[in-house]
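The values are calculated or read from the model by the stated rules, or taken from the named source; none is laboratory data. Just so it is clear, the structure is predicted and the values come from calculations on it, not from any experiment. Every residue, glycine as well, gets a Cβ built from its backbone with ideal geometry; the counts of neighbours run over all protein chains shown. Keep in mind that these areas ignore ligands, DNA and RNA; they rest on the heavy atoms of the full protein, side chains included. Shrake-Rupley method; radii C 1.70, N 1.55, O 1.52, S 1.80 Å.
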Amino acid sequence: MKVYLNGELVDKESALISVFDHGYLYGDGVFEGIRAYNGIIFKLREHLDRLYRSAHMIMLEIPLAKVKMQEAIIATMKANNLKDAYIRVVVSRGEGDLGLDPRKCKNPNVVIITDKIVLYPQELYEKGMEIITVPTRRNIPEAINPQIKSLNYLNNILAKIEAINSGYQEAVMLNHDGLVVECTGDNIFILKENVLFTPPAYLGALKGITRDTVIELARKKGIEVKEDVITRYDLYNAQECFLTGTAAEIVPVVKIDGRVIGNGKPGKITLQLIEDFRELTIRDGVAVY
Ligand code: PXG
């Protein structure tokens, strides 16, 4: 496997970063997770825009322009002969000393990994997932803004651990007011009175690219979509529920905190959106080959 590291394609074993990198020492850096389907990179521009916005927010200057980053991603895919891939772009603050001051880090490290990803077994997409709410709350936007895809994912990892410890694969995260915001690596949608709801980003959810795609697909189908508050009461009484994310794609949810959602099977609209999403991913995006 070849990995892109600061302008070069090197063997996985040689793709090494200093232990003094502030990405390692402090979680100081940003990342993106992107998918390619059948040699076409899905929503690449949106992912790159978000990566550069995340970097701008933490005052990290990515040492290559967006077009060069796009070329580097394509070159990495080609070097690994991949058509279907999960692309992980990581930009860390770079090597510094033992101290928070990012000014000591002169050269950000840019890494591109292209690999495969299977998040959940296929069965789960057919039967639906059971999830739970967990004690760890989503970071408040006034502390670490959840819009930043930073290398500090401890907030989400804690929630994930709590779900796993209870025997579940995914956690619903509430914000500091107890409102539903998202899961640990996915956004959440519910169907209520035939309207699709997803929490607005300002409550503490990441403005997911799959989330935006699903909103667009649903509206095209004539389904009303609202970015509005979802309480636990709304969640438990939803007609349908599903999660969205680049890695997870669209996952039907059939039980939350022991409450059965709808008839306990993936909902009709959920299944329709999964189909529409699949169709879009195989024809929409930036061609690698
Ligand atoms: N919420 C959070 C907190 C995320 O990190 C999403 C929602 C979905 O967003 P997109 O734009 O992908 O539809 C994410 C997605 C990884 C990895 O290892 C990436 C994410 C989550 C978990 C793992 O690359 N990001």
Self-check item: Complete set of residues in the stretch 11-29 that are closer than 23 Å to Arg103 by Cα and either in contact with a strand residue (DSSP E or B) (Cβ under 6 Å, 6 or more places away or on another chain) or not in a loop (DSSP other than H, G, I, E, B) (or both)
Solution: Ile17, Ser18, Phe20, Asp21, His22, Gly23, Tyr24, Leu25, Tyr26, Gly29
Exercise. Scan the helices (runs of 4 or more DSSP H) fully inside the stretch 173-289 and keep the ones with 2 or more residues being farther than 27 Å from Lys149 by Cβ.
Key: 232-236, 268-281
Quiz item: Among the residues of the stretch 158-177, is any closer than 23 Å to Ser54 by Cα, polar (S, T, N, Q) and open to solvent by 10 Å² or more (accessible area, probe 1.4 Å)?
Solution: no
Exercise. Examine the stretch 70-82 for a residue that is out of contact with any Ser or Thr (no Cβ under 8 Å at 6 or more places or on another chain) and within 16 Å of the ligand (Cβ to nearest atom), and state whether such a residue exists.
Key: no
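If you take the residues in the stretch 15-46 that are of a type in the set (Ser, Thr, Tyr) and open to solvent by 70 Å² or more (accessible area, probe 1.4 Å), which one is farthest from the ligand (Cβ to nearest atom)? Break it down stepwise before answering.
Our first condition is that a residue be of a type in the set (Ser, Thr, Tyr); within the stretch 15-46, this holds for 18, 24, 26, 37.
Now restrict to residues that are open to solvent by 70 Å² or more (accessible area, probe 1.4 Å): 24, 26.
Details: Tyr24: 16, Tyr26: 19 Å.
Taking the candidates together, the pick is Tyr26.
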Quiz item: Which one is farthest from the chain's Cα centre (by Cα) among residues in the stretch 112-143 that are within 12 Å of the ligand (Cβ to nearest atom) and surrounded by fewer than 18 Cβ atoms within 10 Å (Cβ to Cβ)?
Solution: Asp115
Quiz item: What is the number of the single condition among (1) surrounded by 14 or more Cβ atoms within 10 Å (Cβ to Cβ); (2) under 25 Å from Glu46 (Cβ atoms) that Leu235 does not meet?
Solution: (2)
Practice problem: Would you be able to tell me the number of residues in the stretch 203-232 that are within 16 Å of the ligand (Cβ to nearest atom), under 19 Å from Ile274 (Cβ atoms) and either open to solvent by less than 50 Å² (accessible area, probe 1.4 Å) or among the small types (Gly, Ala, Ser) (or both)? | Solution: 10
Exercise. May I ask you to verify whether Arg88 is within 15 Å of the ligand (Cβ to nearest atom) and over 17 Å from Tyr4 (Cα atoms)?
Key: no
Practice problem: Could you look through the stretch 179-193, keep only residues that are surrounded by fewer than 23 Cβ atoms within 10 Å (Cβ to Cβ) and without any contact (Cβ under 8 Å) to a residue 60 or more places away in the chain, and pick out the one that is nearest to the chain's Cα centre (by Cα)? | Solution: Leu179
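Restricting attention to the stretch 144-186, report how many residues are among the acidic types (Asp, Glu) and more than 12 Å from the ligand (Cβ to nearest atom). Write out each step before concluding.
From the stretch 144-186, those among the acidic types (Asp, Glu) are 162, 170, 177, 182, 186; that's our starting set.
Subsequent filtering for residues that are more than 12 Å from the ligand (Cβ to nearest atom) retains 162, 177.
The qualifying residues number 2.
Quick one: which of Glu61, Glu8, Glu32 is within 25 Å of Lys116 (Cβ to Cβ) and out of contact with any strand residue (DSSP E or B) (no Cβ under 8 Å at 6 or more places or on another chain)? Spell out how you get there, then give the answer.
Details: Glu61 fails: within 25 Å of Lys116 (Cβ to Cβ); Glu32 fails: out of contact with any strand residue (DSSP E or B) (no Cβ under 8 Å at 6 or more places or on another chain).
Only one candidate passes the filter, namely Glu8.
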Quiz prompt | Pairs, first farther than 18 Å from Arg35 by Cβ in the stretch 98-126, second buried (at least 18 other Cβ atoms within 10 Å of the Cβ) and basic (Lys, Arg), C-beta under 7 Å, six or more apart | solution = Pro102/Arg93; Cys105/Arg93; Pro108/Arg93
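Can you tell me which residue is nearest to Ser166 (Cα to Cα) among those in the stretch 226-256 that are of a type in the set (D, E, K, R) and under 23 Å from the mean Cα position of the chain (by Cα)? Step through it out loud before you land on a result.
Initial filter on the stretch 226-256 (of a type in the set (D, E, K, R)): 226-228, 232, 234, 240, 249, 255.
After this cut, where a residue has to be under 23 Å from the mean Cα position of the chain (by Cα) as well, the list is 226-228, 232, 240, 249, 255.
Working: Lys226: 32, Glu227: 30, Asp228: 29, Arg232: 19, Glu240: 23, Glu249: 24, Lys255: 14 Å.
The residue in question is Lys255.
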Quiz item: Which one is farthest from Arg278 (Cα to Cα) among residues in the stretch 95-111 that are out of contact with any helix residue (DSSP H, G or I) (no Cβ under 8 Å at 6 or more places or on another chain) and open to solvent by less than 70 Å² (accessible area, probe 1.4 Å)?
Solution: Gly99
Quiz item: Of all residues in the stretch 47-82, which are among the charged types (D, E, K, R) and either surrounded by 16 or more Cβ atoms within 10 Å (Cβ to Cβ) or closer than 18 Å to Val3 by Cα (or both)?
Solution: Arg50, Lys68, Glu71, Lys78
Quiz item: Within the stretch 254-269, is there a residue that is in contact (Cβ under 8 Å) with a residue 12 or more places away in the chain, β-branched (Val, Ile, Thr), out of contact with any His (no Cβ under 8 Å at 6 or more places or on another chain) and within 15 Å of the ligand (Cβ to nearest atom)?
Solution: no
